[in-house]
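One structure is given below, encoded as C-alpha cells.
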Amino acid sequence: MVHKASHHFDLLNWWIDSDPEEVSAFGALEFYGKNNSFRSTNCRPCPHKQECKFYKDITKDKRLMALYADNEKYDGYLRDGCVWREDIDIFDKMAVQIKYANKVQVSYSLTAYSPYEGYRIAFNGTKGRLDAWIKENQPWEEEAVDEIWVTNIFGKREIIKMSNAEAGHGGGDVRLRKQVFTPGDDPYRQSAGSRDGAMSALIGIAARNSIDSGKMIKIADLTSLKPQAKKV
C-alpha cells in the first residue's frame, strides 16, 4: 500500500488536484507467502525448480547477477527471493475508498497476482466518462498500445490509441531525468514536491491503519499537514 501503490495515489492526487481527507480499506494475503505447500529462501538453491511456476533463473542474466547477486554480501537482498516464504505478510489483494477534500470519491483496487501488469482508471462526471487503459509487460500483444476512451453522457465515444513502446516506464524515466537535471517550464504542473510525496504515502499508511483497525482513518490525524481542497 505504500511501496508500490503510492505511485498510483500520487497520480490520483495530481489528477484530482486535491488532498486526500479520509481513507478506509480492506486487505488480505490470499495467494503468496504461506499459501503454498513448498518454499525456499530464493530460486537459485531451491529444490522445487521443476514444479514452481514462479522459478526464475537469474544466473542467465549478467546484468541482474552483477547488480544484485554480486552485492548480496553487502545488503543481504535476494533478487530471486521466494514468493512463498512464510514470513511474507504484505497483502496481495486490497480495496481502498478515498474521500478528497474537494469531495471527489475514489474506489481503488489492487491485485498483486494478476496475469498482466498495468492499470485501468475511469473518471465519471456530469458530462460523461473518461477511461484509460495503461498496459505494461504484455508480451502477447504484437503492438504496445495504450487506450483512452472519451464517452459523453449520451453515448458518443472517441477512442484514442497511443504507442507505449518507449522503454523505461513508457518513456517516463527519460522525461524524469530531463526534468531533474535540465529543468524548464512545467505548464502541466507535473513536478512533484515533498508534500506531494507525503500525501501519496499517507494514503497507503492510512489504508494499512484502516485494515488493521477496521476504522475510517482521517489524514489529518496522521500528520500536521492539513488536507487542502485545492492544491497550491
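The values are calculated or read from the model by the stated rules, or taken from the named source; none is laboratory data. Given the structure is predicted, the values throughout are model-derived calculations rather than measurements. Neighbour counts are summed over all protein chains in view; Cβ atoms, including those assigned to glycine, are modelled from backbone coordinates with ideal geometry.
Of the residues in the range 102-124, how many are in contact with a Phe, Trp or Tyr (Cβ under 6 Å, 6 or more places away or on another chain) and more than 23 Å from Ile153 (Cα to Cα)?
1
If I ask for residues that are outside any strand (DSSP E or B), touching a residue at least 40 places away in the same chain (Cβ under 8 Å) and not aromatic (Phe, Trp, Tyr), which ones from the range 104-122 would you list?
Result: Val104, Ala112.
Is there a residue in the range 8-23 that is surrounded by 15 or more Cβ atoms within 10 Å (Cβ to Cβ), in the same structural domain as Ile203 (by TED's automatic domain parsing) and either among the polar types (S, T, N, Q) or without any contact (Cβ under 8 Å) to a residue 60 or more places away in the chain (or both)?
yes
Could you grab me the full set of residues in the range 89-106 that are at pLDDT below 95 and among the aliphatic types (A, V, I, L, M)?
Ile90
Can you name the residue in the range 136-165 that is surrounded by fewer than 11 Cβ atoms within 10 Å (Cβ to Cβ) and either modelled with pLDDT under 75 or part of a helix (DSSP H, G or I) (or both) and, of all such residues, is nearest to the chain's Cα centre (by Cα)?
Top of the filtered list is Asn137.
Might you let me know whether the range 63-85 holds any residue that is surrounded by 14 or more Cβ atoms within 10 Å (Cβ to Cβ), assigned to a helix (DSSP H, G or I) and of a type in the set (Val, Ile, Thr)?
No, the conditions are met nowhere in the range 63-85.
Go through the range 1-28 and give me each residue that's in a loop (DSSP other than H, G, I, E, B) and either out of contact with any Lys or Arg (no Cβ under 8 Å at 6 or more places or on another chain) or more than 25 Å from Asp89 (Cβ to Cβ) (or both).
Of everything in the range 1-28, those that are in a loop (DSSP other than H, G, I, E, B) and either out of contact with any Lys or Arg (no Cβ under 8 Å at 6 or more places or on another chain) or more than 25 Å from Asp89 (Cβ to Cβ) (or both) turn out to be His3, Lys4, Asp17, Ser18, Asp19.
Here are Arg177, Arg208: which of them is out of contact with any His (no Cβ under 8 Å at 6 or more places or on another chain) and either outside the structural domain of Pro20 (by TED's automatic domain parsing) or exposed (fewer than 14 other Cβ atoms within 10 Å of the Cβ) (or both)?
The conditions single out Arg177.
Here is a list of conditions, (1) free of Cβ contacts under 8 Å to residues at least 40 places away in the same chain; (2) of a type in the set (Gly, Ala, Ser); (3) over 19 Å from Lys4 (Cα atoms), and Ala220 meets all of them except one; can you say which number that is?
Answer for Ala220: the failing condition is (1).
Given the criterion surrounded by 12 or more Cβ atoms within 10 Å (Cβ to Cβ), under 28 Å from Phe9 (Cβ atoms) and of a type outside the set (A, V, I, L, M), identify the matching residue among Tyr108, Tyr116, Tyr55.
Tyr108
Please specify each residue of the range 34-47 satisfying the condition of being under 9 Å from Cys82 (Cβ atoms) and surrounded by fewer than 16 Cβ atoms within 10 Å (Cβ to Cβ).
Passing the criteria: only Thr41.
Scan the range 180-192 for residues that are loosely packed, with under 10 Cβ neighbours inside 10 Å and either among the small types (Gly, Ala, Ser) or more than 30 Å from Val232 (Cα to Cα) (or both) and jot them down.
Listed by number, the list holds a single entry, Gly184.
Test of understanding: among Ala229, Ala192, Ala167, which residue is free of Cβ contacts under 8 Å to residues at least 12 places away in the same chain and over 26 Å from Ile90 (Cα atoms)?
Ala167
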